Amino acid sequence: MTLTAPTRRAQEQTRRRPRVSTALTYLSLVVASLVVLLPLAVVFLTSLKSYGEISDGQGALALPDDWLNFSNYATAFNDGHMLQAFGNTAFILLFSITGTVIIGSMTAYAIDRFDFRFKKLVMALFLIATLVPAVTTQVATFQVVNSFGLFNTRWAPILLYMGTDIVAIYIFLQFIRGIPRSLDEAARLDGANSFTIYRKIIFPLLKPAIATVVIIKGITTYNDFYIPFLYMPKEDLGTMSTALFRFKGPFGAHWENISAGAVLVIVPTLVVFLFLQRYIYNGFAQGATK
């Protein structure tokens, strides 16, 4: 069967469209990767350079003379009190994430399994709270925290981080909706109350959601600068983010030390994300399909 010229042109255009679409897709991915990776490459290369190399005005992407120059990392780790900052950060992460998981899962359980008045209003208020800029409420929040005597203590950011956000509630809610109510009914026939059902049935089935919330909340808390800087100004209470900020004083002109400190802050988050990223994607995907 002989194809006419218009038919052949139509088939060629049909084959050409996927190729153009694929090329644009890869081009956009390459551009996005460069936007993300280029600043990281500059910071890493700068951290391996000496002060003389920086002062000579070399380009940001110029290679260091010594690839094994880790003296900047030693200076940043020791003079920046990174070990103490990491301990403070770990302490805050432990309590704030634990509180978020417990409060968020309980809130989602109550919203899904119980019918009460103003249920829709409660969900609407959660959404409205996320639309209010946090900066506009900081004066009142600071006064409340200070009245509790928590200013300049590690419990101030823990209390603020434990406030469950709508993202955590949404993740837990999607998973709980996928758990059959027949499990609750069977447990009630055996004499279990609501808290026992939550503790022995609902919570153990939320492991994928818990992993997702822990990773997202953990990275957000780890990278947060504003709350630790505002509520814990004491130098011995510095976290990883505020410890890096204090480099601007004694190391204001030493970008090689500042860059080394930035790498020390970035590496833990990067390692955790690379090893656990599948839990994030799987958690969102499973929650969306339940």
State whether the residues of the stretch 56-68 include one that is assigned to a helix (DSSP H, G or I) and on the phi < 0 side of the Ramachandran plot.
no
Regarding the stretch 27-46, can at least one residue be identified that is modelled with pLDDT of 85 or more, surrounded by 15 or more Cβ atoms within 10 Å (Cβ to Cβ), among the small types (Gly, Ala, Ser) and not in a loop (DSSP other than H, G, I, E, B)?
no
The lone condition residue 82 fails out of (1) at pLDDT below 85; (2) open to solvent by less than 50 Å² (accessible area, probe 1.4 Å); (3) under 27 Å from the mean Cα position of the chain (by Cα); (4) not hydroxyl-bearing (Ser, Thr, Tyr) is (1)
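Can you tell me which residue in the stretch 85-102 is surrounded by the fewest Cβ atoms within 10 Å (Cβ to Cβ), limited to those that are among the β-branched types (Val, Ile, Thr) and under 17 Å from residue 222 (Cβ atoms)?
98
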Is there a residue in the stretch 231-239 that is open to solvent by 60 Å² or more (accessible area, probe 1.4 Å) and among the aliphatic types (A, V, I, L, M)?
no
Qualifying helices (runs of 4 or more DSSP H) (wholly inside the stretch 82-151; at least 2 residues being touching a Gly at 6+ places or on another chain (Cβ under 9 Å))
82-113
Report yes if residue 105 is of a type in the set (Ser, Thr, Tyr) and open to solvent by 60 Å² or more (accessible area, probe 1.4 Å), otherwise no.
no
Just to check your reading of the model, which residue among 216, 202, 166 is within 22 Å of the chain's Cα centre (by Cα), touching a residue at least 60 places away in the same chain (Cβ under 8 Å) and open to solvent by less than 70 Å² (accessible area, probe 1.4 Å)?
216
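The values are calculated or read from the model by the stated rules, or taken from the named source; none is laboratory data. All values derive from a computational prediction rather than experimental measurement. Every residue, glycine as well, gets a Cβ built from its backbone with ideal geometry; the counts of neighbours run over all protein chains shown. Remember, those area values only see protein heavy atoms, side chains included, never the ligands or the DNA or RNA. Shrake-Rupley method; radii C 1.70, N 1.55, O 1.52, S 1.80 Å.
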